[in-house]
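Data block below; observations after.
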Amino acid sequence: KPFGTADPNFKPDYSKLPPELAKVFEHIDANIDEHVENLQEWIRQPSISNSGEGIPESAEMVKGFFEELGCQTARVYDTGITEYGSPGNPVVYAKCDEGAPKTVAIYWMYDTMPITQPDNWIAPPFEARIVDGATAAVPTASRVIIGRGSSNSKGGAMAELSSLRSMKAVLGKLPVNLIFVAEGDEE
């Protein structure tokens, strides 16, 4: 069910949207399985800021997301030693020049919290298991993905990226230039 509801009869009404936007939403719906798989892949990548587990790999993964989107510039920056004497986590910068008159800056964080109370998890934190909404205590949802970062911050960021990918696939280019800054020390 691509619409995230437990109601099997739910169907969004795109008739009031501008035709180009309706096509973008239709593209998202038609490719929902790919969007879900992309999110699952990202959740499976550990990215625990305070231990450094998976942080370099996560930064490279985020850089790859921006390159796949078509950003002309995508780079991972080493942040050096923090004021506390520990190494900082890398920052990922990307710029997508679409030749548009306006530019939007987007902030991401790619790090997650450590795994606490592992016995209380419904599924292993980096498995990205899909479960029914009732199992996840979200009875109004048909299915949800359980995993570290699925709601903060990987889920929201991947929804944003999937939307941008869909816009580019349907419209040929994005309506604005983009600058991304993604950091791994938020948590």
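The values are calculated or read from the model by the stated rules, or taken from the named source; none is laboratory data. As the structure is a computational prediction, the values presented were derived from the model and not from experiment. Backbone-built Cβ (ideal geometry, glycine too); neighbour counts: all protein chains shown. The area values use the complete protein model at the heavy-atom level, side chains included, leaving out ligands, DNA and RNA. Shrake-Rupley method; radii C 1.70, N 1.55, O 1.52, S 1.80 Å.
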Amide proton proximity set for Thr112, modelled H, under 5 Å, gap of 5+: Ser47, Ile48, Ser49
Please report the base-10 log of the normalised intensity I(q)/I(0) for the range 30-100, using a Debye sum with one equal scatterer per alpha carbon and no solvent, at each q in 0.19, 0.20, 0.28 (1/Å). -0.87, -0.92, -1.19
Using square roots of five times the C-alpha gyration tensor eigenvalues, list the equivalent-ellipsoid semi-axes of the range 113-187 in whole Å, biggest first. 29, 18, 8
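Using a probe radius of 1.4 Å on heavy atoms only, what accessible surface per residue do you get for the range 77-183? Whole Å² is fine.
On the way: 5610 Å² over 107 residues.
With the other protein chains kept in place, the range 77-183 gives 52 Å² per residue.
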Show me the ranking of peptides 164-173, 140-149 by mean Cβ neighbours inside 10 Å, starting with the highest. 140-149, 164-173
Computed over the chain, Cα set: Rg, Dmax in Å: 18.0, 56
Expressed in angstrom and rounded, the centroid-to-centroid distance over alpha carbons for the range 31-68 and the range 113-157 is 16 Å
At a 1.4 Å probe radius, which order do Val138, Val62 fall into by accessible area, largest first? Val138, Val62
